[in-house]
Amino acid sequence: MSTQHVPVVPVVKSTGSAPAFFSCWDIHAYYGESYIVQGVSFDVREGEILALLGRNGAGKTSTLRSIARIGSPLVTHGEIWLDHKPLHNMKSHEAAQNGLALVPEDRRIIPGLTVEENLTLAQIAPPIGWSIERIYEHFPRLAERREQEATTLSGGEQQMLAVARALARDVRLLLLDEPYEGLAPVIVHEIERIVDSIKELGMTTIIVEQNAIAALRLADRAIILDMGQKVFDGLAQEVLDNAELRQQYLAI
């Protein structure tokens with residue numbers, strides 16, 4: 001699709017002189033013959049939370065899966081860099097070994113294992129920054145349920161476990177795909193608190209979320225996608241303050 005058909009929104013660049021910690025450049029990806037991600041580029045600085053937003057079908061999750069090097073969609077062009085390491089030539093497990101973790105919408109909790117066994121299985125040995133006990137300090141509800149079979153947890157508790165399991169791998173870039181999906185508002189606020197607390201520890205995060213207002217409250221910056229192309233790159237607060245922009249691209 002030609003970019004001339006996409007409404008142009010003024011791009012607001014981040015200020016400051018810190019180099020990008022994560023960059024993706026000119027990413028193109030397909031599901032079969034469907035052209036899903038059409039030349040998306042953006043940077044994320046270390047310690048930032050970036051909200052990746054857009055309507056259903058805009059290409060948000062496909063962009064996230066492309067970054068994580070998941071097999072589908074098929075990335076045909078582009079570069080992905082994390083702390084000066086090229087991820088675009090790596091398999092998904094190699095990208096994970098280099099500090100990237102995707103928490104998928106379906107969470108993928110391992111059945112038949114306890115909370116602690118799920119965490120222990122994910123943990124690198126020896127742990128560099130996130131021991132099991134340190135994880136429990138940030139996730140006290142999981143500490144209370146450490147011996148419970150993980151798939152019997154509530155939806156919110158399973159989401160906490162999915163995030164904690166990613167941290168157990170000493171992740172450097174955390175990708176969250178629809179972390180609030182199906183959760184009650186009180187649990188959404190608890191997940192927000194957890195993500196905000198790990199941000200204070202320097203965690204860099206990209207969050208894809210249909211609950212755009214909740215994501216924007218948490219984020220430093222926002223990218224908006226429309227029909228597979230980036231139409232906005234700026235401060236999260238600017239999206240919160242711009243009702244016309246939200247209505248046009250987010251329907252809120």
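Which translational diffusion coefficient, to the nearest whole µm²/s, is obtained for region 17-139 from the Stokes-Einstein equation, given a Kirkwood hydrodynamic radius over C-alpha pairs, 10 °C and 1.306 mPa s?
Working: Rh = 16.3 Å.
Translational D for this selection: 98 µm²/s.
Legend: calculated FRET efficiency, residue 77 to residue 147, from the Cβ-Cβ distance at R0 = 45 Å, rounded to 0.05, equals 0.40. Summing Cβ point charges (Lys, Arg +1; Asp, Glu -1) relative to the Cα centre of region 93-210 gives a dipole of roughly 260 debye. Computed on the chain, with alpha-carbon pairs under 8 angstrom and 6+ residues apart, the relative contact order is 29 percent. Here the gap between residue 89 and residue 120, fully extended at 0.36 nm per residue and compared with their Cα-Cα distance, gives a gain of 8.3 nm. Is the C-alpha gyration tensor of region 152-252 telling us rounded, prolate or oblate? Criteria: a/c under 1.5 is rounded; beyond that, a/b larger than b/c is prolate, otherwise oblate. Prolate is the answer for region 152-252, as a/c is 1.5 or above and a/b outweighs b/c. Along the axis of the charge dipole computed for the chain (Cβ charges of +1 for Lys and Arg, -1 for Asp and Glu, origin at the Cα centre), the listed residues 30, 121, 138 are led at the positive end by 30.
Each peptide in 159-169, 238-248 receives the mean, over its residues, of other Cβ atoms within 10 Å, and ordering these scores from highest gives 159-169, 238-248. Leaving out same-chain residues fewer than 8 places away, which aspartates and glutamates sit with a Cα under 19 Å from that of residue 85? Filter leaves 26, 43, 46, 48, 94, 170.
First measure r as the distance between the Cβ atoms of residue 137 and residue 56, then evaluate 1/(1 + (r/R0)^6) with R0 = 30 Å and state the FRET efficiency to the nearest 0.05. Could the numbers behind the result be given before it?
Working: r = 37 Å, r/R0 = 1.23.
Approximately 0.20, to the nearest 0.05.
Assigning unit charges at the beta carbon (Lys, Arg +1; Asp, Glu -1) and nothing else, what dipole magnitude in debye, to the nearest 20, does region 20-250 show about its Cα centre? It would help to have the intermediate numbers written out before the result.
Numbers: 22 positive and 33 negative charges, 66 e Å.
Charge dipole, region 20-250, about its Cα centre: 320 debye, nearest 20.
Each reported figure results from applying straightforward, stated rules to the coordinates on display, with no laboratory input. Please read all numbers here as calculations on a predicted model, not as lab measurements. Reconstructed Cβ throughout: ideal geometry from the backbone, glycine too, with neighbour counts over all protein chains shown.
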